[in-house]
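Here the structure comes first, spelled out in structure tokens, and everything after it is commentary.
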Amino acid sequence: MIFHRLVLAVLMLGSAFVCEVAAEDSSVAHERKVAPAVTAEIALAPDLHLLCIGAGAYVVRHDCPFLCNSVLVEMPDGTFVFGGTPGFPEAARLVLDWIVREHGRRPVVAIDSGYHFDNLGGNGAFIEAGFPVYGSDLTVRLLAERGERMRAHTLGFIPDQSSPYRAAHTALRFVPPDHVFPIGDGLTLRFGGEEVRVIYPGPTQAPDKVAIYFPGRRLLYGSCMILAGDRPGNLAEADLDHWGDGIRLLQPLAVDAVVAAHGARLDPGLLQNTLDVLARHVASAGRAP
């Protein structure tokens with residue numbers, strides 16, 4: 001993948017200013033709410049954008065060449081937390097550069113949402129910069145056991161041998177998280193009195209997918225277990241018998257915005273949409289629901 005560094009571009013005139021000013025307003029900072037709507041779009045590269053959905057809260061949208069989302073949230077103590085990562089370390093570096101340029105040097109924490117490239121492909125940039133990367137013990141094991149199989153599967157979706165994205169996926173170095181937690185225990189991190197919760201609802205789209213919940217923001221990043229479209233997508237490792245159960249475990253969470261790893265929708269209805277898409281897929285396959 002070839003990244004061209006650009007001058008920071010605000011695509012929705014004035015909206016980035018509104019996003020930053022909101023972060024300074026004490027009442028907004030107290031509520032720290034997000035909404036399922038984009039108020040500003042900032043281009044860091046032709047295929048990498050930050051979409052502001054609240055004061056200091058962003059969807060990191062990376063086309064690599066598949067549309068892949070992670071989230072970036074500024075915590076009360078100034079730490080920036082990534083839920084998931086961009087697909088490549090080059091993209092992660094561009095986001096880190098933006099943080100320094102716009103906010104000065106800040107602590108950064110990344111949380112991997114699984115072992116697939118679109119869950120941890122940016123790890124190399126974070127670890128190189130000295131930032132901690134959290135991930136489950138199952139993610140570490142699956143990356144070691146299945147990483148190359150996953151790479152081959154991904155390359156199968158990019159048949160153009162001359163594509164720079166194919167070259168980037170071929171060259172991508174898989175870097176495991178350096179702060180490992182037992183997946184069954186989940187994880188809770190605290191920053192300035194605000195929590196980030198990593199929730200394992202059981203096997204879903206893959207054996208190790210976790211959801212990352214920001215309760216103070218009412219924001220849920222569901223990675224690939226949340227479906228934003230009308231098809232289930234990559235089912236190579238899906239557990240169709242238990243995926244729906246995992247989504248139902250997440251439904252009681254108080255959320256105003258839900259971010260899937262793929263797709264543009266950001267509303268809480270994505271949880272029910274996932275169940276509906278899975279039910280239709282199971283029915284069409286002639287399986288018992």
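Numbers for the structure displayed
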item	result
Total residues in the stretch 140-174, condition more than 18 Å from Ala206 (Cβ to Cβ) and either touching a Gly at 6+ places or on another chain (Cβ under 7 Å) or assigned to a loop (DSSP other than H, G, I, E, B) (or both)	7
When residues of the stretch 164-206 are limited to those that are of a type outside the set (A, V, I, L, M, F, W, C) and crowded, with 21+ Cβ neighbours inside 10 Å, the one nearest to Leu235 (Cα to Cα)	Gln205
Selected residue (criterion: surrounded by the fewest Cβ atoms within 10 Å (Cβ to Cβ)) from residues of the stretch 99-122 that are part of a loop (DSSP other than H, G, I, E, B) and among the basic types (Lys, Arg)	Arg105
Any pair with Cβ under 6 angstrom, 6 or more apart, that starts in the stretch 77-97 at a residue that is in contact (Cβ under 8 Å) with a residue 12 or more places away in the chain and in a strand (DSSP E or B) and ends at one that is of a type in the set (Lys, Arg) and surrounded by 22 or more Cβ atoms within 10 Å (Cβ to Cβ)	none
Odd one out for Cys64, checked against (1) in contact with a Leu (Cβ under 6 Å, 6 or more places away or on another chain); (2) hydrophobic (A, V, I, L, M, F, W, C); (3) within 18 Å of Phe174 (Cα to Cα)	(1)
Residues of the stretch 112-169 classified as aliphatic (A, V, I, L, M) and without any contact (Cβ under 8 Å) to a residue 24 or more places away in the chain, total	2
Any chance His242 is at pLDDT 95 or above, closer than 24 Å to Val109 by Cβ and either surrounded by fewer than 21 Cβ atoms within 10 Å (Cβ to Cβ) or of a type in the set (Val, Ile, Thr) (or both)	no
Criterion violated by Ala29 - all others in (1) modelled with pLDDT under 95; (2) touching an Asp or Glu at 6+ places or on another chain (Cβ under 9 Å) satisfied	(2)
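The values are calculated or read from the model by the stated rules, or taken from the named source; none is laboratory data. For clarity, every value in this text was computed on a predicted model and none was experimentally measured. Note that each Cβ is placed from the backbone with ideal geometry, even for glycine, and that neighbours are counted across all protein chains shown.
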